[in-house]
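Colleague: Here you go, one structure.
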Amino acid sequence: MTDRDYMERAIALARKGLGRTNPNPLVGAVIVKDGRIIGEGWHDHCGGLHAERSAIASLTESAEGSTLYVTLEPCCHWGRTPPCTDAILEQKIGRVVIGSRDPNPKVSGKGAALLRSAGVQVEEDFLREECDSLNPVFFHYITTQTPYVIMKYAMTADGKIATRTGASKWITGEAARQKVQELRRICPGIMAGIGTVLADDPLLTVREENARSPVRIICDSRLRIPPDCRICRTAEQYPTILACAAGAEKDDPAMARRRQQLERRSLRILETPARDGHIDLNALMRLLGAEGIDAILLEGGGTLNESALRSGIVQELQVFVAPKIFGGNGKSPVEGEGVALPSEALGLELRGISNIGGDLLLRYQIRSRSAGKEALCSQES
């Protein structure tokens, strides 16, 4: 086996922690001696052993003189667990092959430098692109302290998310809907607008047995959510945040009474700075990031989607395309006035195409915000 083989094994191990390590990164590690794997591990959950220490705990023999393959630079500071660099040195590991560089200021470059200063042979940036692809959420969150936002929507081949009557169940097939359940499971937060709640009465939970459901975040500037909707009825079981606009009660005296009624149902009201009477989505992201929510699945309608794109809070799009045509005046996934010229469009970079049952899943990264963001225009939720 080659260095590539061992690092690819470490990458596969890292993925085992998907959905459980937030806000920590996904990391895998493999220890090799004389051409044999003698230990391997991964970061399984936040607060658990880091990948390096997990691999060391599984050792079948002494690691002295061995090579450690790890997908992310080893930490060199105390957090919930001791520094991994200490454990590497204690085991007298002779060579460390690192995939991704850690952007965490407490680690960045320091872990590798510490190992080198102790005489360990260190190689960096090995299969870096593949290793980096494990942790777009962590890299974004650790550098901005705001959640990584994935906008998800399902549409027909002619770009409709609902028929002219507003009906939307179901656009995609069962396999695509199951994929959405997986997305909900790996994101600590799920966000929708009040328009979606009023139109669809969604539950916004994970339907898999024993799976953790994300914190539900509803953008509801004036707290219009019906107390008898499914989200309110299940707030004691599933943590739910209602984000409202500061000062909105001045124009709506009944809002204070609605607020008290909702709080009695165990919904948490998060008052956010307002912009033109609506929620400032950038401010909301800062508040949610401060609470440790590092990733959000945005399942909004066309209005909230447009506001999110215009605000620049979205990093990734996952678009399910069904082989159907609704035609007519069906709803668009992004509403608002839109851009005036093609040159003003919000740029996307295609990162993957998958067949999900009979549907397509297109995965995009936001490429450019400078032109399109300001040209988009609509009302927030």
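Colleague: Roughly how much of T143 is accessible, in Å² to the nearest 10, using a 1.4 Å probe?
Modeller: Answer for T143: close to 90 Å² accessible.
Colleague: Same structure, new question: Return the FRET efficiency for the residue pair E208, A118: r is the Cβ-Cβ distance, R0 is 56 Å, and the value is rounded to the nearest 0.05. Intermediate results must be reported in sequence, preceding the final value.
Modeller: Details: r = 45 Å, r/R0 = 0.80.
The value I calculate is 0.80.
Colleague: What full-extension length gain, to one decimal in nm, is calculated for E182 and K324 as 0.36 nm per residue of separation minus the Cα-Cα distance?
Modeller: Numbers: separation 142, 0.36 × 142 = 51.12 nm, distance 2.37 nm.
Between E182 and K324, full extension yields 48.7 nm more.
Colleague: Of G109, G292, V122, which is farthest towards the positive pole of the chain's charge dipole, taken about the Cα centre with +1 and -1 on the beta-carbons of Lys, Arg and Asp, Glu respectively?
Modeller: After comparing all options, I get G292.
Colleague: Given a 10 angstrom Cα cut-off, can you work out which residue in A256, A235, A340 is the most mobile in a GNM of the chain?
Modeller: A340
Colleague: Separate question: What is the dipole size for region 88-157, taken about its Cα centre, with +1 at each Lys and Arg Cβ and -1 at each Asp and Glu Cβ, in debye to the nearest 20? Show your work: numbers first, answer last.
Modeller: Numbers: 8 positive and 8 negative charges, 43 e Å.
Here region 88-157 has a charge dipole of around 200 debye.
Colleague: Please return the longest stretch of the chain lacking exposed loop sites, where GluC sites (Glu not before Pro) count only if DSSP places them in a loop and at most 16 other Cβ atoms lie within 10 Å. Before the final figure, lay out the partial values.
Modeller: Details: sites that count: E61, E64, E124, E208, E209, E236, E291, E337.
Result for the longest clean stretch: 125-207.
Colleague: What relative contact order, as a whole-number percentage, does the chain give when Cα pairs under 8 Å and 6 or more residues apart are counted?
Modeller: 15
Colleague: First check a/c for region 226-301, with a ≥ b ≥ c the square roots of the eigenvalues of its C-alpha gyration tensor; if it is under 1.5, answer rounded, and if not, answer prolate when a/b is larger than b/c or oblate otherwise. Walk me through the intermediate numbers first.
Modeller: Details: a/c = 1.84, a/b = 1.05, b/c = 1.75.
Judged from the Cα gyration tensor, region 226-301 comes out oblate (a/c at least 1.5, b/c at or above a/b).
Colleague: Given the Cα-Cα distance of E263 and T165 and 0.36 nm per residue of separation, how much length would full extension add, in nm?
Modeller: Details: separation 98, 0.36 × 98 = 35.28 nm, distance 3.33 nm.
Going from the current span to full extension adds 31.9 nm.
Colleague: In addition: Please list, in order, the residues from region 83-107 whose amide nitrogen is less than 20 Å from a point placed 7 Å along the Cα→Cβ vector of R36.
Modeller: Flagged as within label range: 91-95.
Colleague: Could you give the size of the charge dipole of the chain about its Cα centre, using +1 on the Cβ of each K and R and -1 on the Cβ of each D and E, expressed in debye and rounded to the nearest 20?
Modeller: Working: 48 positive and 48 negative charges, 173 e Å.
It comes to approximately 840 debye.
Colleague: May I pose another question? Dipole magnitude of region 2-118 about its Cα centre, charges +1 at Lys/Arg Cβ and -1 at Asp/Glu Cβ only, in debye to the nearest 20? Each step should come with its number before you reach the end.
Modeller: Numbers: 15 positive and 13 negative charges, 58 e Å.
In debye, rounded to 20, region 2-118 gives about 280.
Colleague: If you don't mind, another one. Tell me the net charge near T21. Cut-off is 15 Å between Cβ atoms, T21 excluded, with +1 for each Lys or Arg and -1 for each Asp or Glu.
Modeller: Working: positive: R15, K16, R20, R53, R80, R185, R212; negative: D44, E52, D102, D294.
Charge balance in the 15 Å sphere: +3.
Colleague: What accessible area per residue, rounded to a whole number of Å², is obtained for region 185-311 using a probe radius of 1.4 Å?
Modeller: On the way: 5410 Å² over 127 residues.
Using a 1.4 Å probe on heavy atoms only, each residue of region 185-311 averages 43 Å².
Colleague: Take the cross-link list K33/K110; K16/K110; K160/K324 and give me the ones stretching past 18 Å between alpha-carbons. Display every interim value, and only then the final one.
Modeller: Working: K33/K110 26 Å; K16/K110 27 Å; K160/K324 9 Å.
Cα-Cα > 18 Å for K33/K110; K16/K110; rest within.
Colleague: Continuing with this model, one more query. I'd like the distance between the alpha-carbon centres of region 300-314 and region 1-64, rounded to an integer number of Å.
Modeller: 38
Colleague: Sticking with this one: Would the chain count as rounded, prolate or oblate if I go by the C-alpha gyration tensor, calling it rounded below 1.5 in a/c and otherwise prolate when a/b exceeds b/c, oblate otherwise? Walk me through the numbers before you get to the answer.
Modeller: On the way: a/c = 2.18, a/b = 1.83, b/c = 1.19.
Prolate, because a/c is 1.5 or more and a/b exceeds b/c.
Colleague: Moving on to the next point. Can you give me the angle between helix 3-14 and the longest principal axis of the chain, using Cα atoms only, in degrees from 0 to 90, rounded to the nearest 10?
Modeller: 50
Colleague: Of all the accessible heavy-atom surface of region 65-198, with the other protein chains kept in place and a 1.4 Å probe, what percent is carbon and sulfur?
Modeller: 50
Colleague: Ignoring ligands and nucleic acids, what accessible area does K331 show with a 1.4 Å probe (Å², nearest 10)?
Modeller: We get 100 Å² for K331.
Colleague: Can you give me the C-alpha center-to-center distance between region 164-182 and region 258-299, rounded to a whole angstrom?
Modeller: Cα centroid of region 164-182 versus Cα centroid of region 258-299: 26 Å apart.
Colleague: Measure nothing fancy, just the Cα-based angle from helix 174-186's long axis to the longest principal axis of the chain, in degrees from 0 to 90, nearest 10.
Modeller: Roughly 70 degrees between the two axes.
Colleague: For R216, R9, give the ranking by accessible area with the largest first, probe 1.4 Å. Can you show the working numbers first?
Modeller: On the way: R216 0, R9 85 Å².
The ranking, largest first, comes out as R9, R216.
Colleague: Which shape class applies to region 1-130: rounded if a/c is under 1.5, otherwise prolate when a/b exceeds b/c and oblate if not, where a ≥ b ≥ c are the square roots of the Cα gyration tensor eigenvalues? Before the final figure, lay out the partial values.
Modeller: Details: a/c = 1.30, a/b = 1.13, b/c = 1.16.
Cα axes put region 1-130 in the rounded bin.
Colleague: Rounding to the nearest 10 and keeping the result within 0 to 90°, find how far the Cα-based axis of helix 302-311 lies from the longest principal axis of the chain.
Modeller: Between the helix axis and the principal axis of the chain, the angle is about 50 degrees.
Colleague: Turning to a different aspect of this structure: Please report the relative contact order for region 65-173, taking Cα pairs under 8 Å with a sequence separation of at least 6, and give it as a percent rounded to a whole number. Can you show the working numbers first?
Modeller: Numbers: 144 pairs, mean separation 24.0, N = 109.
Value for region 65-173: 22 percent.
The values are calculated or read from the model by the stated rules, or taken from the named source; none is laboratory data. If you're wondering where the values come from, they're calculated on a predicted model, not measured in any experiment. Don't worry about glycine lacking a Cβ; one is built from the backbone with ideal geometry, like all the others, and counts go over all protein chains shown. When the accessible area is computed, the model is the full protein with side chains, heavy atoms only, and any ligands, DNA or RNA have been set aside. Shrake-Rupley method; radii C 1.70, N 1.55, O 1.52, S 1.80 Å.
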